[in-house]
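Q: Once you've had a glance at the structure underneath, I'll fire off some questions.
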Amino acid sequence: MSVASVLGSVSALPLSQAAVRLAAAGVPVFPCVPGAKNPLLKPDEDNPQAQPGGFHAATTDARRVAAWWRRWPAANIGVPTGAASGVEVVDVDRKPGGDGFAAFERARRAGLVPGWLAVVRSASGGAHFYFPADPDRPQRSWQAATAHVDFRGDGGYIIVPPSAVGGAGSYELVAGADRAPGPVDAARLRDFLDPRPEPTPHRVSGPIRSRDAARLAAWVAMRAEGERNRGLFWASCRLAEAGLSLPEMVDALAPAGERVGLPPREVETTIRSAYRATHVQPDPVSWHAGATNRPSRLTGQVLS
């Protein structure tokens, strides 16, 4: 049975029946908070292998699924994406803060969007475009925040019909297969939607200007979840290549890293790693215990 057929067959069912039918059709599912998108199942901290949590707990075991929904009859239905389910999803947002349909259409016209398996209208009025996953080419999930388009592959999950998100609306199948469905090249799609400067293989010559550092910090501050650490590392490398000291790098980029939600310790580790990656040896003066020009503490004033 095709993805569209399965989703269409459950759209009018109660959540508990829909979850069991999806599992019986070979679609792994797991319960999410009623009216929300958060997984209900928590891992066993002592033995996560015995009881995985979140989307890792997804199963096609209809009896286990029935037991979950007897416990939580109003639970939304989550499905892992990527290799676990055999489908990948391009999630086009439509929210007050932005609309991704124009960017998605540009990508389609550029030949970056093959035929899809199904289209589901999301609770917010956006759309989930389902594509077959290529078992020989795993693709990780990512977010292109500026384009308002996300990709759900390995490491991700989606909410499926007939789930609903409180007050926003329900998920609904609105279209079946388009043309000949095929896998989407997630890396090419991301580069098209959210082009980013390539790292330079050599050190930048000359002093970096303050507005250049500010521009890098602003770029870091725009990174979404899934690309925050990578963006901070890339920007830190650029400042290190331009000759900035580690304390100067922290002053320039740490506030932006925290602004996008990275923990102070992770910000510190990322900036340090970038500094080390671009230097054969760290500057011993900057980090000597008695040096006056070292930062008093990386997680202190700069990162607070």
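Q: Going residue by residue through segment 60-71, is there one that turns out to be surrounded by fewer than 20 Cβ atoms within 10 Å (Cβ to Cβ) and in contact with a Gly (Cβ under 7 Å, 6 or more places away or on another chain)?
A: yes
Let's see how each residue does on (1) surrounded by 20 or more Cβ atoms within 10 Å (Cβ to Cβ); (2) more than 20 Å from R190 (Cβ to Cβ); (3) modelled with pLDDT under 85:
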position: E225; (1), (2), (3): no, no, yes
position: R228; (1), (2), (3): yes, no, yes
position: P263; (1), (2), (3): no, yes, no
position: S273; (1), (2), (3): no, yes, yes
position: Q281; (1), (2), (3): no, yes, yes
position: T292; (1), (2), (3): no, yes, yes
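Q: Which residue pairs have Cβ atoms under 9 Å apart, sit 6 or more places apart or on different chains, and have a first residue in segment 186-202 that is modelled with pLDDT under 90 and assigned to a loop (DSSP other than H, G, I, E, B) and a second that is of a type in the set (S, T, N, Q) and open to solvent by less than 60 Å² (accessible area, probe 1.4 Å)?
A: Pairs found: D194/Q143.
Q: Give segment 153-170 a look and list any residue that's open to solvent by less than 30 Å² (accessible area, probe 1.4 Å) and touching a helix residue (DSSP H, G or I) at 6+ places or on another chain (Cβ under 9 Å), or say none.
A: Of everything in segment 153-170, those that are open to solvent by less than 30 Å² (accessible area, probe 1.4 Å) and touching a helix residue (DSSP H, G or I) at 6+ places or on another chain (Cβ under 9 Å) turn out to be G153, G156, V160, P161, P162, S163.
Q: Among A102, A110, A144, A127, which is open to solvent by less than 20 Å² (accessible area, probe 1.4 Å), modelled with pLDDT under 95 and of a type in the set (A, V, I, L, M)?
A: Selected residue: A144, the only one of A102, A110, A144, A127 that is open to solvent by less than 20 Å² (accessible area, probe 1.4 Å), modelled with pLDDT under 95 and of a type in the set (A, V, I, L, M).
Q: For segment 132-152, which positions are touching a helix residue (DSSP H, G or I) at 6+ places or on another chain (Cβ under 6 Å) and not in a strand (DSSP E or B)?
A: Passing the criteria: Q139, A147.
Q: What pairs come out if I take residues in segment 56-71 that are within 10 Å of A19 (Cα to Cα) and without any contact (Cβ under 8 Å) to a residue 60 or more places away in the chain and pair them with residues that are open to solvent by less than 60 Å² (accessible area, probe 1.4 Å) and assigned to a loop (DSSP other than H, G, I, E, B) whose C-beta lies under 9 Å away, six or more apart or interchain?
A: T60/A25; T60/G26; T60/V27; T60/P28; W68/L40; W68/L41; W68/A75; W69/A75
The values are calculated or read from the model by the stated rules, or taken from the named source; none is laboratory data. Here the structure is a predicted model, which means the values were calculated and not measured. Every residue, glycine as well, gets a Cβ built from its backbone with ideal geometry; the counts of neighbours run over all protein chains shown. Each accessible area value is taken on the protein alone, full model and side chains, heavy atoms only, with ligands, DNA and RNA left out. Shrake-Rupley method; radii C 1.70, N 1.55, O 1.52, S 1.80 Å.
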